[in-house]
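Right, one structure below, let's go through it.
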Amino acid sequence: MAFFFGVFLGVSIGIGLIIAFARYGKIRSTRRTDLLGWLNVQLEKIWPSVDEAASELIRASVEPILEQYTPAILSSMKFDKLTLGTVAPQFTGISIVESESGADGITMEMDMQWDGNPNIVLNINTKLGVSLPVQVKDIGFTGVFRLIFKPLVAQFPCFGAVAYSLREKRYLDFTLKVIGGDLSSIPGVSDAIEETIRNAVEDSITWPVRNIVPILPGDYSDLELKPVGTLDVKLVQAKELTNKDIIGKSDPFAVLFIRPLPDKTKRSKTIDNQLNPIWNENFEFIVEDVSTQHLTIKVFDDEGVQGAELIGCAQLAIKELEPGKVKEVWLKLVKDLLVQRDNKYRGQVQLELLYNPYGTDSTFKNPFDADFSLTSLEKALKSPNSETEALAPEKAGQKKREVIIRGVLSVLVISGENLPPVDFNGKADPFVVLTMKKSETKSKTRVANETLNPVWNQTFDFVVEDALHEMLIIEVWDHDTFRKEKIGRIVMTLTRVLLEGEFQDNFTIDGAKSGNLHLHLKWSPQLVFRDRDTQ
């Protein structure tokens, strides 16, 4: 749908002239409905010329983008035929965004609808040596375009440059048809082509991308897209995923992105034969517009050479995060983010998120950063009586060192409440197994006989070598003479105890029909240094 390049370029400048005239008194009074009607009439008149001029512009602009995002299954994608058809888009709404305009510019948003009849044929070549002429047809689109006219100047046409972007994509649909053949005869090709087209749209014209057209000579770098911060994401786990395999269980992996571009997308490792996978992986993303961007996560079943099948997806708006504070969320997976086709439960995924804006002074330390150190550690480094003083670099020329988050995690298993009955007598004989996932260190409580509300009050200490990447897995079991039965589990990162130092809370037991555990956690840090250049 980057086909809007030409249309938008031609129309945007014309609209800009109208705004400039209106601002400087050339048009004294124009109702919004009159202006929309006038724009649509003028666009219909010039549409044949726009079609002719835009076709070559689109071909020259879009083909390099298609080539850049051509998936592995295809060897090339090029335009064979390209015309925009006889149906012009219609503007259905227009507004000035006062909050974004500022004193030296005007920001306008225009609602647009297009049910076009273009003649677009792509020449597709697959890695199998098959050449396919694929027609893109039945295009339907509604969305909002944003125009930024900046800076305002006294020289005609009254603004120095115009930046344009697809601010909101409300609906975008099209069909692909092989001329003289069936696209479904080659598995995966249709999805690959559609994904490539959508990625080209995302990278070339979708907000916060801004395409800048200079009108007057000058420096317009302030209109360019600039990063405003980073988003640190810890992909913790998923639970109760839909099983996509007939034999065995799904082999889930996750794909995360803010912008769905190949070089900006992160992929987790695959967890084989598991519907409740634990990943515990950290990723970092660049944020360019807090107010509009989302983090998207898609969970797939890895099918090996056959590709992957989507289990479900979810989104979280970055504006929901408080800068400098870690937020833990469980996101419910759905089939489709744009069109909710069904309400089938597909599982949930757990994330820890931290948004760090650029240029802000904060005493908060990023727990996902390799250079993270707690305030207590920093004080220990500065203390002349600290036993770590000898480790601090004192000699000139010593290489830069970094702090490893190492320490002792103390876990007090206090009690359980409302555990589900497991035995025939309506009771259970519960005990708890604690495991540090990375080091595989294990401890367990004593068995509490015939109770659904056990009290243990037992403390376990774990030496943790890498707290940022360690996890505590707590499993509740029922003990019998000849067997044991798992009741459920709790999976937690160490992020909260690292930040708070000590806390006590009730935790719901996943996988159990009911019940929770009452736990107290305490972190005692120890300082270790390592040389970056020798890792």
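The listed residues are L381, L337, L316, L377, and the only one of them that is surrounded by 14 or more Cβ atoms within 10 Å (Cβ to Cβ), at pLDDT 55 or above and either in contact with a helix residue (DSSP H, G or I) (Cβ under 8 Å, 6 or more places away or on another chain) or not assigned by the TED database to the domain that holds D466 (or both) turns out to be L316. Taken over segment 140-170, the residue count meeting the criterion of being modelled with pLDDT under 80 and open to solvent by less than 20 Å² (accessible area, probe 1.4 Å) is 1. Among the residues of segment 114-127, is any surrounded by fewer than 14 Cβ atoms within 10 Å (Cβ to Cβ) and in contact with a helix residue (DSSP H, G or I) (Cβ under 9 Å, 6 or more places away or on another chain)? Within segment 114-127, not a single residue is surrounded by fewer than 14 Cβ atoms within 10 Å (Cβ to Cβ) and in contact with a helix residue (DSSP H, G or I) (Cβ under 9 Å, 6 or more places away or on another chain).
Considering L147, L132, the condition of being farther than 30 Å from D80 by Cβ, in contact with a helix residue (DSSP H, G or I) (Cβ under 8 Å, 6 or more places away or on another chain) and not in a loop (DSSP other than H, G, I, E, B) is satisfied by L147 alone. Would it be correct to say that S49 is polar (S, T, N, Q), free of Cβ contacts under 8 Å to residues at least 40 places away in the same chain and in the same structural domain as K150 (by the TED database)? So S49 fits the description; yes. In a residue-by-residue description of segment 481-499, the property of being open to solvent by less than 40 Å² (accessible area, probe 1.4 Å) and polar (S, T, N, Q) applies to at least one position.
With respect to (1) touching a strand residue (DSSP E or B) at 6+ places or on another chain (Cβ under 6 Å); (2) free of Cβ contacts under 8 Å to residues at least 24 places away in the same chain; (3) more than 27 Å from F283 (Cβ to Cβ); (4) not hydroxyl-bearing (S, T, Y), the lone exception for N449 is condition (1). Would you confirm, using the coordinates I've provided, whether T86 is in a strand (DSSP E or B), among the β-branched types (V, I, T) and open to solvent by 70 Å² or more (accessible area, probe 1.4 Å)? The answer is no for T86.
The values are calculated or read from the model by the stated rules, or taken from the named source; none is laboratory data. Quantities reported herein were computed from a predicted structural model and do not represent experimental measurements. All Cβ positions, even for glycine, are placed from backbone atoms using ideal geometry, and neighbour counts span all protein chains on display. Side chains are part of the model used for accessible areas, which takes the heavy atoms of the whole protein and leaves out ligands, DNA and RNA. Shrake-Rupley method; radii C 1.70, N 1.55, O 1.52, S 1.80 Å.
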